[in-house]
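Structure record follows, encoded as structure tokens.
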Amino acid sequence: MGKATQEFQATRIAVLTVSDRREAHDDTSGDYLREAATEAGHQVLDHAIVADNLYRIRAVVSSWIASDDIQVILINGGTGFNSKNSTPEALLPLFDREIEGFGEVFRMLSWEEIGSATLQSRAVAGMANQTLIFAMPGSTSACRTAWERIICEQLDARTRPCQFVSHLKKA
């Protein structure tokens, strides 16, 4: 997509890692998302790691949705097909609107990397209280695919014909 002459607008981001095994010292996917967002010019205001528990995920995400400071939430982990994975179930009731195209495009791009295994990805996105929420698989490779090929461009006000910046809550 092309870029217009509008100026870049930094967004305020929180990053959540959903994992029963990761801790701060080995949260490679969370680290990647925070670094990539910062390098792109955005502000990472908060981050957390929570166990793959529907109510813990909802509690953290709900607090960020309610915050005036957080405009975008990037979630990695808990989107697989395993019965323990509960990120989509935690998020879907919170969404004012689901962004169906994110999961569709993510799986299309993942096809190039992992073939039919992409069927087991339950990547989701949506808006809640003018907060944009993206949930992607927990592998660093999947986070890189989602950030570099979808999210980064959609968080850039210069992206045409459309992006999500104008839909986000203002400070």
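What follows is calculated from the coordinates using simple rules that are stated; it is not laboratory data. Computed from a predicted model, the values in this text were never measured in an experiment. So basically every Cβ, Gly included, is an ideal-geometry build from the backbone, and we count neighbours across all protein chains shown.
Let me know the Rg and Dmax you get for the chain when you use only its Cα atoms, in Å.
For the chain, the Cα-based Rg and Dmax read 14.8, 46 Å.
When the label point is put 7 Å from the Cα of Thr28 along its Cα-to-beta-carbon vector, which residues of the stretch 111-144 have a backbone N closer than 18 Å?
113-114, 136-144
With a cut-off of at most 13 other beta carbons within 10 Å, and DSSP calling the residue loop, which trypsin sites (Lys or Arg not before Pro) in the stretch 28-127 qualify? Please list them. Mind showing how you got there, number by number?
Working: sites: Arg34, Arg56, Arg58, Lys84, Arg97, Arg107, Arg122; in loops: Lys84, Arg122.
Answer by residue number: Lys84.
Find the relative contact order for the chain and round it to a whole percent, using C-alpha pairs within less than 8 Å whose residues are 6+ positions apart. Can you show the working numbers first?
Working: 328 pairs, mean separation 48.2, N = 171.
Reported relative contact order: 28 percent.
How far apart, in nm, are the 7 Å Cα→Cβ label points at Ser141 and Thr38?
My value for the distance between the label points is 2.6 nm.
Starting at the first residue of the stretch 31-37, write each ³J(HN,Hα) from the Karplus equation 6.51 cos²θ - 1.76 cosθ + 1.60 with θ = phi - 60°, in whole Hz, x for Gly and Pro.
4, 4, 4, 5, 5, 5, 5
Whole-Hz Karplus ³J(HN,Hα) for the stretch 85-96, in order, using 6.51 cos²θ - 1.76 cosθ + 1.60 and θ = phi - 60°, x for Gly and Pro?
My calculation for the stretch 85-96 gives 6, 10, 4, x, 5, 5, 8, 3, x, 7, 5, 6 Hz in order.
Sum -39500 (n - 2.57) across every DSSP H segment of at least 4 residues in the chain, then divide by the residue count to get the 222 nm mean residue ellipticity, nearest 500. Mind dumping the intermediate values first?
Working: 5 runs with 52 residues, N = 171.
Taking each H run of at least 4 residues, the total per residue is -9000 deg cm²/dmol.
Given H placed 1.01 Å from N in the peptide plane, which residues other than close sequence neighbours of His47 have an amide H under 5 Å from its amide H?
Val15
PRE reach from Arg97 (point 7 Å along Cα→Cβ): which of the stretch 118-137 fall under 12 Å by backbone N?
126-132
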